[in-house]
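What follows draws every value from the coordinates through simple rules; no lab data is involved. All figures in this text were calculated on a predicted structure; none of them were measured in a lab. Counting neighbours? That spans all protein chains shown, and the Cβs are built from the backbone with ideal geometry, glycine included.
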Amino acid sequence: MSNFKRNFNNKKIKKLKKKDLFKEKLNADIREGNVFPAVRHGKIGFYSNGSRLFKYERNKFSTHKKYISLLISKNDYLSEKDIKSAEIRDNFLDCYEGIKENSKKYASVEAKGIADLYSDYSYVNNDEGVVVLDIEVNFKNENDNSKIQNDQIDILLYSLSDRSLKFVEAKEFSNKELWSKENTKPKVVDQINRYNRQIDNRNKEILEEYKEYIGIVNKLFDINLPLPKKVRSKCGLYIFGFGSDQREGKFKRLIKEDNSLKGIKSYAKGDPSDINSNTLWKRVTY
């Protein structure tokens, strides 16, 4: 079985804290909930509005080229002459606000809905209740015969009161994996069953790695999260992005009355912008 790692040593933490981009931009946005930091294997991803703004790895930041605009101009349209004489930005500090704004254009509706949750309940700026500890959690698919190489679970919640971790998959209402013909199971059921096997098989490994994760973020952000004691079995499901007509129509007929999600703890919330992490936890856990 392949290793699942969450590490970022003290030397790397000290170097990151000294970086201008972190000191002058990212740190403040993280504490305000505008940016969500997620520790990986020797690196950290910084997410906002459903996109990864930056990756920090090997003592340097990088961003996707589609998010960045280097030309400084007041004009929306530029001639060849304008390009030749244009001023060029040469650092991420000057490009920062533009990168954040551009990244919104590329985020999916589903990713934006998840961002509503981690923006309000990031582990950095909440010290009670249920927080979002990680997102886009990847595990290698151990089934060599499967075409799916990686299993990626959208959200990892952490209850600070009972110090337990809970994985949750998120689906926007239009996601085809939620729907199937009457009396048949949608694809999301197989997906969550796959995730459940990952959680069961890697339970001890996940717990130890997130103890490490919390030790890292406590040092990096000068917070004091308690270490987790357990990983709860079974992945929950969070469905969002629908109106009352959809709830009483398609949702009621093909999910609720059809028992399509039987055996899966789920929570349906029409508007994800006012999601409550504690309510989500209760619905997908108990």
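Sticking with the crude label model, points 7 Å out along Cα→Cβ, report the distance from Glu142 to Lys17 in nm, one decimal please.
For the pair Glu142/Lys17, the computed spacing is 3.8 nm.
Suppose R0 equals 45 Å. What FRET efficiency, 1/(1 + (r/R0)^6) with r the Cβ-Cβ distance, do Lys250 and Glu24 give to the nearest 0.05?
Between Lys250 and Glu24 the formula returns 0.40.
Please report the antiparallel percentage of DSSP beta bridges with both residues in region 109-285, rounded to the nearest 5.
Once the DSSP bridges in region 109-285 are tallied, antiparallel ones form about 55 percent.
Tell me what the chain gives for mean residue ellipticity at 222 nm when only DSSP H runs of n ≥ 4 count, each as -39,500 (n - 2.57), the sum divided by the residue total, rounded to 500 deg cm²/dmol.
For the chain, the value works out to -9500 deg cm²/dmol.
Please give the charge dipole size of region 109-285, origin at the Cα centre, charges +1 on K and R Cβ atoms and -1 on D and E Cβ atoms. Round to the nearest 20 debye.
740
How large is ³J(HN,Hα), in whole Hz, for each residue of region 265-274 in order, when computed from phi with the Karplus curve 6.51 cos²θ - 1.76 cosθ + 1.60 and θ = phi - 60°, using x for Gly and Pro?
Karplus values, whole Hz, x for Gly and Pro: 6, 9, 9, 10, 9, x, 9, x, 5, 10.
Mind jotting down a quarter of the surface of the convex hull over the alpha carbons of the chain, in square nanometres, one decimal?
17.9
Could you give each residue of region 114-120 its phi-based ³J(HN,Hα) in whole Hz, using Karplus coefficients 6.51, -1.76, 1.60 with θ = phi - 60°, and x for Gly or Pro?
Each residue's phi maps through the Karplus curve to give 5, 4, 4, 6, 6, 5, 7 Hz.
Grab the Cα-Cα distance for Ile88 and Ile68, subtract it from 0.36 nm times how many residues apart they are, and report the gain in nm with one decimal.
Here the answer is 6.0 nm.
Skipping prolines and chain starts, which residues have an amide H placed within reach, meaning under 5 Å, of the one on Lys269, given they are 5 or more residues away or on another chain?
Ile239, Phe240, Gly241
Can you list the residues, at least 5 places off or on another chain, whose amide H is less than 5 Å from the amide H of Ser180, using H built in the peptide plane?
It is none; the list stays empty.
Report the label-to-label distance for Asn278 and Lys43 in nanometres (one decimal), using points 7 Å from each Cα along the Cα→Cβ vector.
3.7
Please work out how much length the chain gains when fully extended from Glu257 to Ser174, using 0.36 nm per residue of separation minus the C-alpha to C-alpha distance, in nm with one decimal.
28.0 nm
Show me, for region 107-112, the HN-Hα J-couplings you get by feeding each phi into the Karplus relation (A = 6.51, B = -1.76, C = 1.60, θ = phi - 60°), rounded to Hz, glycine and proline as x.
6, 6, 4, 5, 5, 5
Which pairs, out of Lys25/Lys140; Lys250/Lys282; Lys23/Lys74; Lys25/Lys187, put more than 30 Å between their alpha-carbon atoms?
Going by Cα-Cα distance, Lys25/Lys140; Lys25/Lys187 fall outside the 30 Å limit.
Just flag the GluC sites (Glu not before Pro) in region 89-193 sitting in loop per DSSP whose Cβ has no more than 15 other Cβ atoms within 10 Å.
Hits after loop and neighbour filter: Glu128, Glu142, Glu182.
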